[in-house]
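Structure, as structure tokens:
The values are calculated or read from the model by the stated rules, or taken from the named source; none is laboratory data. Just so it is clear, the model here is predicted, and its values are computed rather than measured. We place every Cβ from the backbone using ideal geometry, glycine too, and count neighbours over all the protein chains shown.
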Amino acid sequence: MRVEFERSGGFAGLRRACTVDEATLPPEEAGQLRDLVQAARFFDLPAEVTARRPGGDRFHYRLTVDDRERRHTVDLDEVAVPDGVRPLVDWLSRKATPAPRVGKPPRSS
């Protein structure tokens with residue numbers, strides 16, 4: 001199983017992302033990932049889960065799960081993340097690192 005995760009938006013507008021492949025994880029973490037995806041019923045989610053009321057400065061999440069038999073992408077608003085999906089989003093958020101900003105040259109020391 002391979003999971004691509006991106007968090008964007010929020011007050012500072014910083015993007016964080018990660019790709020997690022269970023084949024590269026320690027066995028305990030690989031099991032956690034499988035359990036979290038299953039508990040979230042990820043493949044049953046619609047492609048978009050949005051808030052009823054728009055709001056600024058919220059995070060937006062994009063998750064793509066590929067279990068070698070199927071691939072599914074879901075876009076979620078921070079306030080609309082279903083309870084069953086929240087543990088998966090939190091776990092992936094801890095794995096994510098800041099993504100480079102496009103169009104800005106690296107700072108020299």
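Conditions tested, residue by residue: (1) outside any loop (DSSP other than H, G, I, E, B); (2) of a type in the set (S, T, N, Q); (3) over 16 Å from ARG94 (Cβ atoms).
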| position | (1), (2), (3) |
| --- | --- |
| GLU4 | yes, no, no |
| LEU14 | no, no, no |
| THR19 | yes, yes, no |
| ALA23 | yes, no, yes |
| GLN32 | yes, yes, no |
| PHE43 | yes, no, yes |
| PRO46 | no, no, yes |
| VAL65 | yes, no, yes |
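Here ARG71 does not fit the description of being of a type in the set (Lys, Arg) and under 17 Å from TRP91 (Cα atoms).
Does ARG68 meet the test of being of a type outside the set (Val, Ile, Thr), at pLDDT 95 or above and on the phi > 0 side of the Ramachandran plot? Taking the combined requirement at face value, the residue does not satisfy it.
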